[in-house]
Amino acid sequence: MPEPFKTLFDRPLIAAMGAALAARDPRFDRAGFVAMAGDGLDGLELKARSAQITRALAAHLPEDFASACALLVSALHPEADAAGPGVLSRSDDDGLRGWAIMPMADFVAARGLADFDRSMAALAAMTSRFSAEFAVRAFLDADPERGMDWMRRWAIDANPHVRRLASEGCRPRLPWGRRLRGFVADPAPVLDLLERLKDDPSDYVRRSVANNLNDIAKDHPDRAAAVAARWLAGGSPERRRLARHALRGLVKAGHPGALAALGLGPAPVGLASLTILTPEVRFGTALEFTATLRLDGPGPREIALDYVLHHRKANGGTSPKVFKWKTLSLAPDTPTRVARRHPMRPITTRIYYDGPHRLEIVANGAVLGGGGFNLAGAQVRDR
């Protein structure tokens, strides 16, 4: 069984942080930091472990923020991974990178708002060794205009990590991050930034741009669809992939503008048959089903095929969740059979309940039909 995610913050990582900081400044209380950061670590989850390391940094770094910030930056690994995310990189004798950066960036966010420019420069250095997308949001929240000035500067940086931070850091609804309510209400500054990054040479950066536009689409669907449609028109293959990924949420919702942008308008598609191969699903196994589609009009026609699972809730009702499936071409008078296996297993974002569930097949945002199945042996039993 793989190690729990929380063990990314373990005692060897804390020891490496202490050693790196003490090597740059002999006055740093390495033993005190390691003891405080590791106290009761086994009983803490991932975010609590990171927060405890941040508190230990605050207690042992120089009280003067400029000095503390300089020490943290000096302890960074000299090699900034320019190829892709540095999440899997480990700290070593040369310096800190990977998961050690998260509590360091959080320290900058907690202590550095009054020293805005110094803090932003430090986060740019840190993001090249991991990511500072969560920490930077404190600065965008405190001073959006000044923060976006930095984002525009980062958008033309030579390092793809820094360019990605420009996009990822200002996502209005970054998962697990502080919501940037000003940009939720008015995404104009963010959209201006995304225009600068939409043709970035790095797929790592372009994927962040797509996710950012997908965030904006949750509050401004028509505006996001119009932006993506403009990007699609005459765009490079890379930009077209970006736009399609950005529209995924709107396509799931059947948004007419998004479907039209992708050439996926209403289509005369019928569900010839739906067979749920596992009408009784044991939790930990999978729901398996097949569907046969037919095109009832002229063709061929491209369709975006999705499916919806209506998960049972604690109160006996259901909550729908749309899952992307595939895009396929249908020809008239030629039934097309598709099959799917959907695992029903523990995940951190959902509590499953025993009892009846429902499956629906969706083409270009329209529900074609569905059927029921029963889930048993879930984490929480239906009462």
Being buried (at least 23 other Cβ atoms within 10 Å of the Cβ) and assigned by TED's automatic domain parsing to the domain that holds Arg24 narrows Met148, Met126 down to just Met126
Out of (1) in contact (Cβ under 8 Å) with a residue 12 or more places away in the chain; (2) of a type in the set (Gly, Ala, Ser); (3) outside any helix (DSSP H, G or I), the one Gly235 does not meet is (1)
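Run down Ala261, Ala225 and say which single residue is crowded, with 22+ Cβ neighbours inside 10 Å, within 29 Å of Ala331 (Cα to Cα) and at pLDDT 95 or above.
After applying the criteria, what remains is Ala225.
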Within the range 168-180, is even one residue in the same structural domain as Ala122 (by TED's automatic domain parsing), in a helix (DSSP H, G or I) and farther than 20 Å from Leu262 by Cα? yes
Quick one: which of Arg11, Arg24 is under 15 Å from Ala100 (Cα atoms), in contact (Cβ under 8 Å) with a residue 24 or more places away in the chain and surrounded by fewer than 18 Cβ atoms within 10 Å (Cβ to Cβ)? Arg11
Please count how many residues of the range 116-147 are under 14 Å from Ala100 (Cβ atoms) and among the β-branched types (Val, Ile, Thr). 1
From the options Thr292, Thr275, Thr334, residue that is of a type in the set (Val, Ile, Thr), in a loop (DSSP other than H, G, I, E, B) and surrounded by fewer than 17 Cβ atoms within 10 Å (Cβ to Cβ): Thr334
Residues of the range 337-365 satisfying the condition of being outside any loop (DSSP other than H, G, I, E, B), touching a strand residue (DSSP E or B) at 6+ places or on another chain (Cβ under 9 Å) and surrounded by fewer than 18 Cβ atoms within 10 Å (Cβ to Cβ): Arg337, Val338, Ala339, Arg341, His342, Pro343, Arg350, Gly355, Pro356, Arg358
Sole exception among (1) surrounded by 15 or more Cβ atoms within 10 Å (Cβ to Cβ); (2) under 21 Å from Ala363 (Cβ atoms); (3) in contact (Cβ under 8 Å) with a residue 40 or more places away in the chain for Arg312, by number: (2)
Condition (residue is closer than 28 Å to Ala226 by Cα and small (Gly, Ala, Ser)) applied to the range 265-284: is it met by at least one residue? yes
Kindly evaluate Leu250 against the criterion of being closer than 20 Å to Glu145 by Cβ and buried (at least 17 other Cβ atoms within 10 Å of the Cβ). no
Test result for Phe130, part of a loop (DSSP other than H, G, I, E, B) and touching a residue at least 12 places away in the same chain (Cβ under 8 Å): yes
Considering every residue within the range 208-222, establish whether at least one is surrounded by fewer than 17 Cβ atoms within 10 Å (Cβ to Cβ), touching a helix residue (DSSP H, G or I) at 6+ places or on another chain (Cβ under 9 Å) and assigned to a helix (DSSP H, G or I). yes
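Say whether the condition of being over 18 Å from His161 (Cα atoms), hydrophobic (A, V, I, L, M, F, W, C) and crowded, with 18+ Cβ neighbours inside 10 Å is met by at least one residue in the range 75-83.
yes
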Filtered residues of the range 174-189 (kept if buried (at least 17 other Cβ atoms within 10 Å of the Cβ) and more than 17 Å from the chain's Cα centre (by Cα)): Phe183, Pro187, Pro189
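The values are calculated or read from the model by the stated rules, or taken from the named source; none is laboratory data. Here the structure is a predicted model, which is why all the values come from computation and not from measurement. With ideal geometry, Cβ positions are generated from the backbone for all residues, glycine too; neighbour counts draw on all protein chains shown.
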